[in-house]
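To start, the structure under review is shown below, and the notes come after it.
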Amino acid sequence: MAEDTFYLSEDDRRAWRSRLAEASRNNVLCHCRQCDREWVASGPEACTCGSRQIEWLNCWQFPDG
Ligand SMILES: [Zn+2]
């Protein structure tokens, strides 16, 4: 799969940021590269689809802009 990076529209970025704000109140924002599911977890965990290709984003690691 070649889509290893996010290509977000402005609206997507806004939605993404609000999710990050939510995530910051918990711990990490998880994104499954397999099924594109997003969820907030307190630590590393596999996706419910069984994939372990998960991206972990801590809010303080997310680049500005
Ligand atoms: Zn998944």
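Things to note:
- For the range 31-42, a residue qualifies if it is more than 16 Å from residue 12 (Cα to Cα), within 10 Å of the ligand (Cβ to nearest atom) and at pLDDT below 90, but none of them does.
- Evaluation of residue 50 against (1) within 16 Å of the ligand (Cβ to nearest atom); (2) loosely packed, with under 10 Cβ neighbours inside 10 Å; (3) modelled with pLDDT under 85 (one fails), failing number: (3)
- One residue alone among 10, 45, 3, 55 is modelled with pLDDT of 85 or more and within 16 Å of the ligand (Cβ to nearest atom), and that residue is 55.
- Residue pairs meeting the criteria (Cβ under 7 Å; at least 6 apart or on separate chains; first in a helix (DSSP H, G or I), in the range 1-19; second modelled with pLDDT of 80 or more): 19/29; 19/38
The values are calculated or read from the model by the stated rules, or taken from the named source; none is laboratory data. Every value quoted in this text rests on a predicted model; they were computed, and no experiment measured them. Using ideal geometry, Cβ is built from the backbone for each residue, glycine included, and neighbour counts are taken over all protein chains shown.
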